[in-house]
Amino acid sequence: MDIEVKNLTKRYGDKTALDDISFSHKGKGVIGYLGPNGAGKTTTFKILAGLLKPTSGSVFVNGFDVSKDLKNVLLSIGAVIESPEPDRTQTIKEALTMSAEFNGLSKVDIYKQINKYGKLLELPPLDSRIGKLSKGQRQRVSLVAALISEPSILLLDEPTSGLDPAERMKFKKLILSMKKDRLILISSHVIQEIKEVCDEIIFINNGKIMKQDTVKNLQKKYKDLERAYMKIVGS
Amino acid sequence: MNNSIQSRDIGRLSEIAVSFKYTLKSYLRTKRFLALAILVALISIAIFAVEAHVGISAINAEYSNASNYLYSFMQNITFVVIIVAAFFGGNAISTDFASNYSYYILVQPARRSSILVGRYLAALLASFSIILIYYVFAAISSFYFFSTLPGVFASSVGLVALFVLSILSFAFFLSSLFNNPQTSTVAVVILLIVVLPIASSVLQSFLSVEPWFLVNYGGQVVYSVFSTHFVHFSQLKIPTKGGEFTITQYEPYTLEGIEIMLGYIIIFFIASVFMYKYKEVKG
């Protein structure tokens, strides 16, 4: 399980969203991708999931080039980017089954996985229509869809947005339980939300990578992560 | 992580099947499916009821046989096809990019082309099932008034399937140009109901040009197969003060109509797949 971003640039017309960024990580663990709003976090995630094309540079996920082999990239990741919304006419069960079928799971595994993660994330009754769910409930459905095929890499872009405090606590527990055997890249602009789950942090601002280091080193150098954030990213 | 569970490539056909299954379910649940089915049924019943009550000879003296009758009855079908297909195809791509659905569907390990083919087939089935209501009433009317159904009726059903596919291809392509499903659906309806028919009339009547490149022209074969006195080219001379004014009218040959529809199916569907495949989720 590895992610490698090499000299990645993304421009929207005159605006540069990502400016020649590079970072990489090999092996399991949780990587925090931290920066203020508009720093380029979501753009990076969208490129990693093939939703945007890079202007230049390359991105490899588990050795697969996102620009050339997107299918294999998508087979090895689960992604929750920008509050995904399943088809509003579907039931929770249908939305999750569709995702599992695209991932090639057998009927028995689909049933097992929906039950497992449905209970873990306390989903509403599975016959509830997506259109009737709250934003937080839809977010949890999307998270189950991302987890259903047990991907080795998880991309979670601001995953706690729309969740209430109790749901955030549950989410933190879930991340801690999953980090043992997965690589999780999680973005946030709120350091308090991810500092307890991350092993390593990448700071991004104005489309540039400011620093990548382990939480241990950052704490040793800056005493705490809030101070590190202020020093590296600025106010 | 559960090691016994692992994603695997299910192949193009299975991807298409999954996309088809869930899109069709979604279409069948929408109010527009029910509304369109009821509307088409009501129109068909209304036409039949009026004709049965007044008598078809009172409506048109030329209704001397089933073919002539169906030639006239089926002239409304192109309008019905355009409305129905516009509603199922007009937002086929734009809907992904208008809502956060793209963040759900486009991160699934399925080729975008497969997702689109599945949607296309679902839209075909949903549209065609509504169109068939009209055909069922056409067949009932033919049997009721003439106790027979012309052999070309089956040809017309086949041709209308091609017409639905061509309109869907065109609608899918137009929907790829917009990021708002309402705008794209309205654009499809206006273009197919207003702009193309006007263009077709102007080209024929005033410029004497056969509009062989317009899908609504090609689609006329759906009812022209019933014609018992088919004329490809006709001119009507209207005397004016300064001389005379000529109005030209074309009717497509069946093979020509098929070629036009196939052209639209292939060109616009390939263009739709290309647009969908490379469209970015900017949001």
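Every number here is computed from the coordinates shown, using simple stated rules; none is lab data. Predicted, not measured: the structure shown is a model, and the values here were computed from it. Cβ sites come from the backbone with ideal geometry, for glycine too, and all protein chains shown count toward neighbours.
If both residues of a DSSP beta bridge must be in segment A:141-235, then about 55% of such bridges are antiparallel. Fewest-first ordering of B:Ser224, B:Ser129, B:Ser234 by other beta carbons within 10 Å of each residue's beta carbon gives B:Ser234, B:Ser129, B:Ser224. Placing unit charges on the Cβ atoms of the charged side chains and taking the dipole of the protein assembly as shown about its Cα centre, the candidate lying farthest along the positive direction among B:Thr246, A:Phe45, A:Cys198 is A:Cys198. Here A:Lys116 is the anchor, and the aspartates and glutamates within straight C-alpha reach of less than 13 Å, apart from those fewer than 8 places off in the same chain, are A:Glu150. Screening chain B for whole DSSP H helices with an alpha carbon extent of at least 18 angstrom along the helix axis and a mean Kyte-Doolittle hydropathy of at least -0.5 yields B:12-29, B:31-54, B:112-146, B:152-176, B:254-278.
Both numbers refer to the Cα atoms of chain A; Rg and Dmax are 17.6, 51 Å. Across the cross-link table entries A:Lys6/B:Lys277; A:Lys93/B:Lys25; A:Lys46/A:Lys195; A:Lys112/A:Lys132, which are compared at the Cα atoms, the separations over 18 Å belong to A:Lys6/B:Lys277; A:Lys46/A:Lys195; A:Lys112/A:Lys132. Sequentially through segment A:23-36, phi angles give Karplus couplings (6.51, -1.76, 1.60; θ = phi - 60°) of 7, 8, 8, 10, x, 6, x, 10, 9, x, 10, 10, x, x Hz, Gly and Pro residues having no value and appearing as x. Highest GNM mean-square fluctuation among A:Lys221, A:Lys28, A:Lys172, for chain A modelled with Cα contacts below 10 Å: A:Lys221.
Quick one: among B:Leu39, B:Leu162, B:Leu125, which has the greatest mean-square fluctuation in a GNM of chain B with alpha-carbon springs under 10 angstrom? Of B:Leu39, B:Leu162, B:Leu125, the most mobile in the Gaussian network model is B:Leu39. Taking springs between alpha-carbon atoms closer than 10 angstrom, which of B:Phe153, B:Phe230, B:Phe268 fluctuates most in the Gaussian network model of chain B? It is B:Phe230. From least to most packed, judged by other beta carbons within 10 angstrom and beginning with the fewest, A:Ser22, B:Ser200 follow the order A:Ser22, B:Ser200. Ordering B:Thr23, B:Gly11, B:Ala37 by Cα displacement along the dipole of segment B:1-110 toward the positive end leaves B:Gly11 in first place; charges were set at the Cβ atoms of Lys, Arg (+1) and Asp, Glu (-1). Spatially, segment B:256-283 and segment A:209-225 are offset by 51 Å when compared through their Cα centroids.
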